[in-house]
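Below: one structure, written as structure tokens.
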Amino acid sequence: MNNKQKPYRLYLTEDQMPKQYYNLRADMKELPEPMLNPVTKKEVTVEDLLPIFCKELAKQELDNKTRYIDIPSEIREMYRIYRPSPLIRAYNLEKYLDTPAKIYYKFEGNNTSGSHKLNSAIAQVYYAKQEGIKHLTTETGAGQWGTALSEACSYFNIPLSVYMVKSSYEQKPFRKDIMRTFGADVIPSPSNTTEVGRKILKEHPNTTGSLGCAISEAVEKAVTTPNSKYVLGSVLNQVLLHQSIIGLECETAFKILDEYPDIIIGCAGGGSNLGGLIAPFMRDKIKGTHNPRIIAVEPASCPSLTRGKYTYDYCDTGKMTPIAKMYTLGCDFIPSANHAGGLRYHGMSPIISKLYYDGYMEAVSTIQTDVFKAAILFAQKETIFPAPESSHAIKVAIDEALKCKETGEEKTILFGLTGTGYFDMTAYSSYLDNTMSDYIPTDEELEKSFPNII
Ligand SMILES: *Cc1c(COP(=O)(O)O)cnc(C)c1O
């Protein structure tokens, strides 16, 4: 395609949507360290995982060898409702920045849940249904994962209980009502529906809850309800596998454009959208056929890659899951309350952690006022209202495009626009009202929650 023909929005056809997930572990020269059973400290087996995950997902979690895994047609049927997602050229932003760089973004916010999380929610619910699971539980803080899972559960007709941190439940009533619209039972946590919840309520009757507590309640509910499982929306290898659909679609689109990204940028909370976006490009980098720069962007208030430790830690605040080697701030780390966006997770996907440790990618952190400044510029130039999480990637894409302006290099930049920000108006309001502050934890503060598990 010559430049004149190049569209603003490149939509693949339904036929061009990937039919298989891509498992990057199969091409990594060195694998992430194995997950360990937290009690025996031995390498976990599929059997160890069965109390938490359904069988297919437990297999996917530990499968380091199978390069391509078929996407069942039932999953593809639901993907077709909102995929393939567009790859968009930010012509207006480029013009405004007066940069020779080409800026592309993959937009995952085009579904009701408003984020990429639906890609994995659909897969997880489908496999659970296949295995006769009759009920699912999860926790939600900000609400995107709970919303995505509610949509998937409604589609596949599986009842869902969402434990929502009480403070979010009260502050974000619209999130709660979207989940209820899709039929989920949304319970403010702590609640009197579980043993843990009742205990906490007795000790602290006025508590507004925490993610750790919501997870413990969701897990207890799954373990005590017949045929029920607990599901997680990020960090896990299986979630990165499902999210590979983002990167695979980008790869096809860039082939059609006859281009290849020089710089790939993604925001990093637990690492699932980033892991999915970069998967095929990282494969090329590992094989040596291309050498894109790959950059993870995290908030300065929750800096797991840039200031965390590479060590074994729990994947969840409730300490229920196996332990994994990853960059972590410690599973007891609680980011400052004034940090507005998501991306508050204490650890980082073991796959992303290993690739970063081995020097295949870079990581940077940004303060939130800079992120919102970039978000607003992006909204004005590109007409999409971005999620605060996604805006971390926007900020660094703009920085890189401005560097190209200085050097005159015509680089091709790709970033992941993971979602929309309609439910994050409180954060936007505080930025617009000039009441938003930037909080960067001190070394002493980080030291307090660093893990000492192994
Ligand atoms: C959850 C979320 C993220 C961060 O999660 P990852 O697992 O790191 O991808 C980023 N953007 C949006 C819109 C989200 O909802």
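Could you pull out the residue among Ile263, Ile323 that is on the phi < 0 side of the Ramachandran plot, hydrophobic (A, V, I, L, M, F, W, C), away from the ligand (no atom under 16 Å from the Cβ) and at pLDDT below 95? Lay out the reasoning, then the answer.
Working: Ile263 fails: at pLDDT below 95.
Going through Ile263, Ile323 in turn, just one is on the phi < 0 side of the Ramachandran plot, hydrophobic (A, V, I, L, M, F, W, C), away from the ligand (no atom under 16 Å from the Cβ) and at pLDDT below 95: Ile323.
Taking the residues in the range 216-249 that are more than 17 Å from the chain's Cα centre (by Cα) and either closer than 23 Å to Pro350 by Cα or among the β-branched types (Val, Ile, Thr) (or both) as candidates, determine which candidate is farthest from the ligand (Cβ to nearest atom).
Taking the range 216-249 as the starting set, the residues that turn out to be more than 17 Å from the chain's Cα centre (by Cα) are 216-230, 249.
So of that shortlist, the ones also either closer than 23 Å to Pro350 by Cα or among the β-branched types (Val, Ile, Thr) (or both) come out as 216, 219, 223-225, 229-230.
Numbers: Ser216: 21, Val219: 19, Val223: 25, Thr224: 28, Thr225: 26, Lys229: 20, Tyr230: 17 Å.
Among those that are more than 17 Å from the chain's Cα centre (by Cα) and either closer than 23 Å to Pro350 by Cα or among the β-branched types (Val, Ile, Thr) (or both), it is Thr224.
So, in the range 280-311, of the ones that are of a type in the set (S, T, N, Q) and assigned to a loop (DSSP other than H, G, I, E, B), which residue ends up nearest to the ligand (Cβ to nearest atom)?
We begin by selecting, within the range 280-311, every residue of a type in the set (S, T, N, Q); these are 289, 291, 301, 304, 306, 311.
After this cut, where a residue has to be assigned to a loop (DSSP other than H, G, I, E, B) as well, the list is 289, 291, 301.
On the way: Thr289: 26, Asn291: 24, Ser301: 14 Å.
Per the criteria, the residue is Ser301.
From the list Ser437, Ser430, Ser391, pick out the single residue that is among the polar types (S, T, N, Q) and either in a loop (DSSP other than H, G, I, E, B) or outside the structural domain of Asn92 (by TED's automatic domain parsing) (or both).
Numbers: Ser430 fails: either in a loop (DSSP other than H, G, I, E, B) or outside the structural domain of Asn92 (by TED's automatic domain parsing) (or both); Ser391 fails: either in a loop (DSSP other than H, G, I, E, B) or outside the structural domain of Asn92 (by TED's automatic domain parsing) (or both).
After applying the criteria, what remains is Ser437.
Can you tell me which residue is nearest to the ligand (Cβ to nearest atom) among those in the range 56-113 that are under 22 Å from Thr412 (Cα atoms) and in a helix (DSSP H, G or I)?
Out of the qualifying residues, it is Leu93.
Condition first: in a loop (DSSP other than H, G, I, E, B), more than 16 Å from the ligand (Cβ to nearest atom) and either surrounded by fewer than 24 Cβ atoms within 10 Å (Cβ to Cβ) or not hydrophobic (A, V, I, L, M, F, W, C) (or both). Can you find one or more residues in the range 266-279 that meet it?
Taking the range 266-279 as the starting set, the residues that turn out to be in a loop (DSSP other than H, G, I, E, B) are 268-271.
If we keep only those that are more than 16 Å from the ligand (Cβ to nearest atom) too, we end up with none.
Scanning the range 266-279, I find no residue that is in a loop (DSSP other than H, G, I, E, B), more than 16 Å from the ligand (Cβ to nearest atom) and either surrounded by fewer than 24 Cβ atoms within 10 Å (Cβ to Cβ) or not hydrophobic (A, V, I, L, M, F, W, C) (or both), so the answer is no.
Residues that are surrounded by fewer than 24 Cβ atoms within 10 Å (Cβ to Cβ), of a type in the set (S, T, N, Q) and on the phi > 0 side of the Ramachandran plot: does the range 335-358 have at least one?
No; the residues of the range 335-358 include none that is surrounded by fewer than 24 Cβ atoms within 10 Å (Cβ to Cβ), of a type in the set (S, T, N, Q) and on the phi > 0 side of the Ramachandran plot.
Please indicate, with yes or no, whether at least one residue in the range 121-136 is part of a loop (DSSP other than H, G, I, E, B) and either within 14 Å of the ligand (Cβ to nearest atom) or crowded, with 21+ Cβ neighbours inside 10 Å (or both).
Keep residues of the range 121-136 that are part of a loop (DSSP other than H, G, I, E, B), which gives 131-134.
From what's left, either within 14 Å of the ligand (Cβ to nearest atom) or crowded, with 21+ Cβ neighbours inside 10 Å (or both): none.
Taking every residue of the range 121-136 in turn, none turns out to be part of a loop (DSSP other than H, G, I, E, B) and either within 14 Å of the ligand (Cβ to nearest atom) or crowded, with 21+ Cβ neighbours inside 10 Å (or both).
Given the criterion outside the structural domain of Cys153 (by TED's automatic domain parsing), over 16 Å from Gln238 (Cβ atoms), touching a residue at least 12 places away in the same chain (Cβ under 8 Å) and of a type in the set (A, V, I, L, M), identify the matching residue among Leu36, Leu87.
Leu87
The values are calculated or read from the model by the stated rules, or taken from the named source; none is laboratory data. Keep in mind it's a predicted model, so treat the numbers as computed, not measured. Backbone-built Cβ (ideal geometry, glycine too); neighbour counts: all protein chains shown.
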